[in-house]
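**Student:** Can you keep this structure in mind? I'll have questions shortly.
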Amino acid sequence: MNPDWRAFLTARGAGGGADAHEPAPGAPADADCTRYDLSHLGLIAVRGDDAVTFLQGQLTNDVRAVSDTHSQLSSHCSPKGRMLALFRVLRLGDAIMLQLPRERVADTLKRLRLFVMRAKVRLEDESDGPIRIGITGSGAVGALAALGLALPELDNALAVTDEVTVLRLPAPVPRFELIGPFERLAPLWDALTPNSVMGDTDAWALLDIRAGIPTVYNTTVETFVPQMVNMQLIDGVSFDKGCYVGQEVVARMRYLGTLKRRMYLAEVESPTPPQPGDELHSAGSTSEQGAGRVVDARPIGGGRYALLAVVEIAAAEVGDVRLGATGSLLHLTAPPYGFSAES
């Protein structure tokens with residue numbers, strides 16, 4: 001974590017940031033805004049004359065569509081089309097930023113650098129550079145507008161005010177990410193504090209789950225082909241951008257194959273927390289890969305958990321998908337964006 005930011009949060013009793021799980025002292029119980037320290041997310045900065053061309057050959061989406069007002073989801077795959085990392089891609093100043101879980105930064109940087117060769121491009125870990133905070137809730141729009149910040153109207157869009165980038169993210173409630181230098185973000189945090197509570201990393205990840213947005217963690221590297229986690233339904237894959245690592249497999253699944261697994265929303269009651277990568281079972285499944293895997297899971301209270309899960313479509317339709325061979329039954333539903341005819 002940025003050392004200035006860590007000291008700032010500690011001084012305000014915010015628990016040191018990314019590991020905080022309690023509301024800030026004195027916050028109103030009826031606040032209609034929640035703020036988050038997003039230091040648990042990492043940033044890879046890609047700079048240089050060949051930055052766009054380089055990323056075009058590595059990522060599943062069309063990086064040329066990323067602009068000062070539009071971000072996108074994208075992924076980096078193995079030659080077998082399995083996802084090694086999943087990013088939110090956005091422009092910040094002279095850099096194209098790849099935002100992903102901090103735990104995936106080091107390995108992803110190492111792999112991407114293998115492909116640089118003679119390209120005029122630099123890749124750097126800037127996870128401790130720009131400060132990032134989240135703000136969600138029914139009062140989020142009013143709270144940010146009162147601070148003089150321009151707000152994007154569409155999901156995945158950006159707006160910039162005085163070095164502060166505001167990114168609107170999909171969620172069941174208004175959700176924004178603010179990105180900028182410490183000197184600009186610290187006063188905004190203080191200004192938001194009196195009328196908001198502090199959320200933790202589980203609550204932020206739960207918003208991604210509710211929105212049907214997957215994440216790749218260390219435990220799920222090379223587990224999923226992009227279409228299995230609905231990347232084609234959330235503008236995370238371009239099928240006409242040209243070649244990239246793993247493109248042949250991804251394209252073959254679209255044009256020549258039949259999608260047998262896809263990602264569902266789920267809820268489950270369990271005595272132990274489900275974890276990304278956990279196996280799912282179905283009595284009727286004959287696949288050597290099992291009935292599916294957990295993509296992400298977070299607590300929702302009372303021993304219940306919300307999940308994103310990649311599941312065999314046939315098993316999901318039967319309705320007999322469980323955590324482990326004798327575990328609890330998952331209650332599966334489609335994500336908020338639904339399933340298209342070809343998905």
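**Student:** Compare M198, M117, M228 in a GNM of the chain, Cα atoms joined below 10 Å, and give the one with the largest fluctuation.
**Tutor:** Its mean-square fluctuation being the largest, the pick is M117.
**Student:** Further question on the same structure: Lys and Arg at +1, Asp and Glu at -1: add these up for the other residues within a Cβ distance under 15 Å of D125 and post the number.
**Tutor:** Working: positive: R47, R102, R104, K110, R111, R113, R122, R132; negative: E103, D107, E124, E126, D128.
Spelling it out: positives minus negatives among the neighbours equals +3.
**Student:** Further question: What trypsin sites (Lys or Arg not before Pro) in region 255-317 are in a loop by DSSP, with at most 16 other Cβ atoms within 10 Å of the Cβ? If you can, show how the numbers build up before the last one.
**Tutor:** On the way: sites: K260, R261, R262, R293, R304; in loops: K260.
Here the trypsin sites (Lys or Arg not before Pro) that fit, given the DSSP loop and packing criteria, are K260.
**Student:** Compute, for the chain, the length of the dipole vector about the Cα centre, with Cβ point charges of +1 (Lys, Arg) and -1 (Asp, Glu) only. Units Debye, rounded to 20.
**Tutor:** My answer is approximately 860 debye.
**Student:** Once each part is reduced to its C-alpha centroid, what is the distance from region 304-324 to region 236-270 in angstrom?
**Tutor:** Region 304-324 and region 236-270 have Cα centres spaced 18 Å from each other.
**Student:** Check each of the chymotrypsin sites (Phe, Trp or Tyr not before Pro) in region 235-332 and keep only those in coil by DSSP with at most 15 other C-beta atoms within 10 angstrom; list them in order. Please report the intermediate quantities before stating the final value.
**Tutor:** Numbers: sites: F239, Y244, Y255, Y264, Y305; in loops: F239, Y244.
Those satisfying the criteria are F239.
**Student:** With Kirkwood radius over Cα pairs in Å defined as stated, name the option among (1) 21.8; (2) 20.8; (3) 25.7 computed from the structure displayed.
**Tutor:** Computing Kirkwood radius over Cα pairs in Å and matching it to (1) 21.8; (2) 20.8; (3) 25.7 gives (2).
**Student:** Given a cut-off of 18 Å, what percent of all Cα-Cα pairs of region 55-212 lie beyond it? Don't skip to the end; give the middle numbers.
**Tutor:** Details: 7657 of 12403 pairs.
That fraction is 62 percent.
Just so you know, all these numbers are worked out from the coordinates, no wet-lab data involved. What you see is a predicted model; the values in this text were computed from it and never measured. For neighbour counting, all protein chains shown are included, and Cβ atoms are generated from backbone atoms with ideal geometry for every residue, glycine included.
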